[in-house]
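The values are calculated or read from the model by the stated rules, or taken from the named source; none is laboratory data. Because the structure is a prediction, the values reported are computed rather than measured. Quick reminder, even Gly has a Cβ in these numbers, built from the backbone with ideal geometry, and neighbours come from all protein chains shown. Just so you know, the surface numbers come from the protein's heavy atoms only, side chains and all, with ligands and any DNA or RNA stripped out. Shrake-Rupley method; radii C 1.70, N 1.55, O 1.52, S 1.80 Å.
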Amino acid sequence: MLNLLVRNATLPDGRTGMSIAVQDGRIVEVTAGLSEAQAPAHETLDAQGQLVAPHFVDPHFHMDATLSYGLPRVNASGTLLEGIALWGELKPLLKQEALIERALAYCDWAVAKGLLAIRTHVDTSDPSMLAVDALLEVKRLVAPYIDLQLVAFPQDGVLRAPGGVENLKRALDRGVDVVGGIPHFERTMADGAASVKLLCEIAAERGKRVDMHCDESDDPMSRHIETLAAESQRLGLHGRVTGSHCTSMHSMDNYYVSKLLPLIAESGVSVIANPLINITLQGRHDTYPKRRGMTRVPELMAAGVNVAFGHDCVMDPWYGMGSGDMLEVAHMGLHVAQMTSQAGIRRCFDAVTTNAAKVFGLLRYGLEPGCDASFVLLQAKDPIEAIRLRATRLKVYRRGVLLAETAPAAAQLRLDGRPAVCDWRMP
Ligand code: FE2
């Protein structure tokens, strides 16, 4: 007997009336119209034609800062640099217990939104390793319900801050998974390029993946993504390297970008845009016209680059909004990138699911036999409606176990005494 049978599901690829059979936490069969008699199960879920999608994946987050909004004050200018300065004011005040408590609260929000894998950067600049140890503990605590991947992130610059390299290596020694960096925050362009080279070499030596904050500025001459792609190629890190943000690409010369795009594609470097944060932090020095600042998402995708969307921040020194909802991220992404065609919207859904899982290197991800039975039932008929409505996550399963449920969204209307239900679906 099966553990779980999901019936009458619509899948992200458009197949309808599908059944998903689950045994021992894995998907064993995905087929059209399996009946309860054909596949008896301990639990049967009728999806009623609604969308069942693999769980959401956030490939770029800062869990050490999350839910600290207002501590010790709010970012007045709204800029990236004031956010970094504010984080610097907060760091000496951080207490490990409080940091863990905030991170765990965020993980609860994430599970409720069907977000079951998060790659979070953790600041390694502090020699006490307080944030590193806190997030390693959070990773252990949430392992039964969230895959948490940690990136060693030298927020103050691996070369610029005293002991930067040493501290980053200590974080990796403690069990942090991925090598991070922030070349645009080093003192000079040359230092930035040197940091990219050094960090990629550390990753190659240790067999780690790389994910750098890369060119998070409006400076068209900030070109560390070029060095990152070249180093990835040189060291044979194909498919294991990611450039996060890459907002300078928004402002680059078009001729230069025509050379850069194939270079990124050839090197197998993934790119992560963070639409909510990019649209908020970039263009702050502009008058009008004011640049959006997000990287060139459709152009990168057309060039064959794996592009994912991250949340980056929720209620922290950089951003005072958010709730762990990757559909909100995709919604902003499609607006900022003007990816409003049906195919474009679907690609934005991929950016917070399959593409993000690829960045993460998640094993057994998807809705195929052999994959983990980790999926979400949404109150929507397809990925497009899911993004439009930031649809309710009706049920969230991980490895065949129900982790969260939310009641369907609906309003009771009382118009001229005529009772009616509004659920925002197309008539
Ligand atoms: Fe970030």
Check your understanding: Just wondering, is there one or more residues in the range 114-137 that are open to solvent by less than 60 Å² (accessible area, probe 1.4 Å), at pLDDT 95 or above, in a helix (DSSP H, G or I) and more than 30 Å from GLU201 (Cα to Cα)?
Key -> no
Check your understanding: Mind checking which pairs have a first residue in the range 198-218 that is outside the structural domain of THR79 (by TED's automatic domain parsing) and a second that is among the hydroxyl-bearing types (Ser, Thr, Tyr), Cβ under 7 Å, 6 or more apart or different chains?
Key -> none
**Study point:** Verdict on THR66 being touching a strand residue (DSSP E or B) at 6+ places or on another chain (Cβ under 6 Å) and outside the structural domain of ILE345 (by TED's automatic domain parsing)
**Key:** no
Point to revise | Yes/no for SER258 being away from the ligand (no atom under 16 Å from the Cβ), of a type outside the set (Phe, Trp, Tyr) and without any contact (Cβ under 8 Å) to a residue 24 or more places away in the chain | key: yes
Exercise for review: Output the residue which, of all residues in the range 44-78 that are farther than 20 Å from ALA380 by Cβ and of a type in the set (Gly, Ala, Ser), is nearest to the ligand (Cβ to nearest atom).
Suggested key: ALA65
**Study point:** Failed item in (1) of a type in the set (Phe, Trp, Tyr); (2) more than 20 Å from the chain's Cα centre (by Cα); (3) closer than 30 Å to ASP108 by Cβ, with TYR256 passing the rest
**Key:** (3)
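Matching residues to (1) among the hydroxyl-bearing types (Ser, Thr, Tyr); (2) in the same structural domain as ARG398 (by TED's automatic domain parsing); (3) in contact with a Pro (Cβ under 9 Å, 6 or more places away or on another chain):
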{"position": "ARG7", "(1), (2), (3)": "no, yes, no"}
{"position": "GLY33", "(1), (2), (3)": "no, yes, no"}
{"position": "GLN38", "(1), (2), (3)": "no, yes, no"}
{"position": "LEU45", "(1), (2), (3)": "no, yes, no"}
{"position": "LEU71", "(1), (2), (3)": "no, no, yes"}
{"position": "TRP87", "(1), (2), (3)": "no, no, yes"}
{"position": "GLN96", "(1), (2), (3)": "no, no, no"}
Point to revise | So LEU276, is it within 15 Å of the ligand (Cβ to nearest atom), touching a residue at least 40 places away in the same chain (Cβ under 8 Å) and part of a helix (DSSP H, G or I) | key: yes
Review point. Inside the range 313-335, can you point out the residues that are away from the ligand (no atom under 16 Å from the Cβ) and either open to solvent by less than 10 Å² (accessible area, probe 1.4 Å) or at pLDDT below 95 (or both)?
Key: ASP325, LEU327, ALA330
Review point. Can you find a residue in the range 367-375 that is within 16 Å of the ligand (Cβ to nearest atom) and either at pLDDT 95 or above or surrounded by fewer than 22 Cβ atoms within 10 Å (Cβ to Cβ) (or both)?
Key: no
Check your understanding: Among the residues of the range 313-336, how many are farther than 22 Å from LEU99 by Cβ and outside any loop (DSSP other than H, G, I, E, B)?
Key -> 11
Point to revise | Checking LEU362 against (1) assigned to a loop (DSSP other than H, G, I, E, B); (2) over 18 Å from HIS60 (Cα atoms); (3) not small (Gly, Ala, Ser), the condition it does not meet | key: (2)
Exercise for review: Determine whether GLU97 is at pLDDT below 95 and either open to solvent by less than 40 Å² (accessible area, probe 1.4 Å) or away from the ligand (no atom under 16 Å from the Cβ) (or both).
Suggested key: no
Point to revise | Of all residues making up the range 336-349, the number that are free of Cβ contacts under 8 Å to residues at least 24 places away in the same chain and crowded, with 20+ Cβ neighbours inside 10 Å | key: 0
Point to revise | Single residue of the range 217-249 satisfying the filter (within 20 Å of the chain's Cα centre (by Cα) and open to solvent by 10 Å² or more (accessible area, probe 1.4 Å)) that is nearest to the ligand (Cβ to nearest atom) | key: SER217
Exercise for review: Identify the residue in the range 302-312 that is within 16 Å of the ligand (Cβ to nearest atom) and part of a loop (DSSP other than H, G, I, E, B) and, among all such residues, is surrounded by the most Cβ atoms within 10 Å (Cβ to Cβ).
Suggested key: GLY310
Check your understanding: ARG73 fails exactly one of the following numbered conditions: (1) under 23 Å from LEU327 (Cα atoms); (2) among the charged types (D, E, K, R); (3) in a loop (DSSP other than H, G, I, E, B). What is the number of that condition?
Key -> (1)
